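Notes follow the structure.
The values are calculated or read from the model by the stated rules, or taken from the named source; none is laboratory data. Predicted, not measured: the structure shown is a model, and the values here were computed from it. Neighbour counts run over all protein chains shown; Cβ positions are idealised from the backbone, glycine included.
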Amino acid sequence: MTVTALHQTIDNMPYNIQEMIAEYAEFLAMKYNFVNNFGSQRHFAGCMKGTVNYISDDFNEPLDDFKDYM
């Protein structure tokens, strides 16, 4: 089935069935990691570069919870 034929088949279905098909397509895309929740392509190495704007000054300091183990 070609993409055009698929579009025509879906266009001829009732709206509630079209919604179900869209939800299922989104489910399959997430299950097989074709797209993320925002509709963009898969993650790749370095894709989050520049997104962290702030890191605390004591980020690398030991946590108080682990003082008994040090």
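Brief remarks follow.
- Test for Gln8: is it among the polar types (S, T, N, Q), modelled with pLDDT of 85 or more and in contact with a helix residue (DSSP H, G or I) (Cβ under 8 Å, 6 or more places away or on another chain): no
- Taken together, the residues in the stretch 4-18 that are part of a helix (DSSP H, G or I) and exposed (fewer than 10 other Cβ atoms within 10 Å of the Cβ) amount to 5.
- Within the stretch 27-67, the residues that satisfy the criterion of being modelled with pLDDT of 85 or more and under 23 Å from Val3 (Cβ atoms) are Phe27, Leu28.
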